[in-house]
Amino acid sequence: MGILAAVIHRDRTGQGQHVDVSLSDTVLSLNGIFGAGYAACGVEPGYGSTPLNGGSFYDYYETADGRHLSVAGLEPRFFEAMVKALGRPDLAAKGFGFDPESQEATRSELAAIFKSEPLSHWREIFERVDACVEPVLRLSEVAEHPHFRARRMFVDVPRDEGGSQRQIGFPVKFSGTGASYRFTGRAPGADTDEVLGEIGYSAGEIEALRSAKVVG
């Protein structure tokens, strides 16, 4: 974002800028909820006690066959849709008392419900419900998922030595310039002679560098 903003500024003013980006600063800026609460009101979030850090029903739940479901839906309408699909609309009142005891009770009841049936059962139910409940898929399942197949997120890329190798595709889709997958890469040192030759080294000089272990 910073680079693109600087490019736009350059195009509009003719002046370039140095862009200084710290990973630590970037991570800190992602604390939009708790960071704002602390900065504005001095509220220090506790460990595992707030809605988004383990203090609510927002969690992963094991199914009868050892698989897992991801359950979010802190917004009332999503939670209500979930408990209605589970046949437990009575849980709606419990889900939004954000005191630890109420949340733990809700979490325990949900855990028991989800543990009672295999993942396939819950997938069939929640495929038809807008409730922020999703299966935790294995990568083999992700690769065959209709969404990722349609989006070409697994591609066969030519290998330099022949054949192809499957890789995860480029996630950004452009209407006019699609990604091209030319090759998987080459062995380290495969292009050393060509590169050094292009910048003026003779065959003898390249061999001397190789003997001295300057290049591999």
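Among the residues of the stretch 70-78, are any out of contact with any Lys or Arg (no Cβ under 6 Å at 6 or more places or on another chain) and in a strand (DSSP E or B)?
yes
Considering only the stretch 17-66, state which residues are within 30 Å of residue 111 (Cα to Cα) and part of a helix (DSSP H, G or I).
Across the stretch 17-66, the qualifying residues are 32, 33, 34.
Out of the residues in the stretch 119-155 that are touching a Gly at 6+ places or on another chain (Cβ under 8 Å) and not basic (Lys, Arg), which is nearest to residue 89 (Cα to Cα)?
131
Considering only residues of the stretch 186-216 that are free of Cβ contacts under 8 Å to residues at least 24 places away in the same chain and hydroxyl-bearing (Ser, Thr, Tyr), which is surrounded by the most Cβ atoms within 10 Å (Cβ to Cβ)?
Among those that are free of Cβ contacts under 8 Å to residues at least 24 places away in the same chain and hydroxyl-bearing (Ser, Thr, Tyr), it is 201.
Inspect the stretch 171-180 for any residue being at positive phi, out of contact with any Pro (no Cβ under 9 Å at 6 or more places or on another chain) and at pLDDT below 95 and give the result as yes or no.
Looking for residues that are at positive phi, out of contact with any Pro (no Cβ under 9 Å at 6 or more places or on another chain) and at pLDDT below 95, one finds none in the stretch 171-180, hence no.
Could you tell me which residue of the stretch 54-70 is farthest from residue 122 (Cα to Cα), considering only residues that are among the hydroxyl-bearing types (Ser, Thr, Tyr) and within 19 Å of the chain's Cα centre (by Cα)?
Here the answer is 58.
Condition first: out of contact with any Leu (no Cβ under 8 Å at 6 or more places or on another chain) and closer than 13 Å to residue 111 by Cα. Now tell me which residues in the stretch 69-81 satisfy that.
Across the stretch 69-81, the qualifying residue is only 70.
Has the stretch 203-215 got any residue that is under 30 Å from residue 127 (Cα atoms), modelled with pLDDT of 95 or more, assigned to a loop (DSSP other than H, G, I, E, B) and not aromatic (Phe, Trp, Tyr)?
No, the stretch 203-215 contains no residue that is under 30 Å from residue 127 (Cα atoms), modelled with pLDDT of 95 or more, assigned to a loop (DSSP other than H, G, I, E, B) and not aromatic (Phe, Trp, Tyr).
Filter the stretch 145-185 down to residues that are hydrophobic (A, V, I, L, M, F, W, C) and surrounded by fewer than 12 Cβ atoms within 10 Å (Cβ to Cβ) and give me whichever is nearest to residue 135 (Cα to Cα).
150
Just give me the residues in the stretch 23-47 being in contact with a helix residue (DSSP H, G or I) (Cβ under 9 Å, 6 or more places away or on another chain) and either surrounded by fewer than 10 Cβ atoms within 10 Å (Cβ to Cβ) or more than 30 Å from residue 102 (Cα to Cα) (or both), in sequence order.
Let us first name the residues in the stretch 23-47 that are in contact with a helix residue (DSSP H, G or I) (Cβ under 9 Å, 6 or more places away or on another chain), namely 28-29, 31, 35, 43-45.
Hits for the stretch 23-47 are 28, 29, 44.
Of all residues in the stretch 34-87, how many are of a type in the set (A, V, I, L, M) and in contact (Cβ under 8 Å) with a residue 24 or more places away in the chain?
Number of matching residues: 8.
At positive phi and modelled with pLDDT of 90 or more: is that true of residue 66 in this structure?
yes
Being under 15 Å from residue 63 (Cβ atoms) and not in a helix (DSSP H, G or I) is the filter here, so list the residues in the stretch 80-126 that pass it.
Those that are under 15 Å from residue 63 (Cβ atoms) and not in a helix (DSSP H, G or I): 86, 115, 116, 117, 118.
The values are calculated or read from the model by the stated rules, or taken from the named source; none is laboratory data. Computed from a prediction, not measured in an experiment: that's the story for all the values here. Using ideal geometry, Cβ is built from the backbone for each residue, glycine included, and neighbour counts are taken over all protein chains shown.
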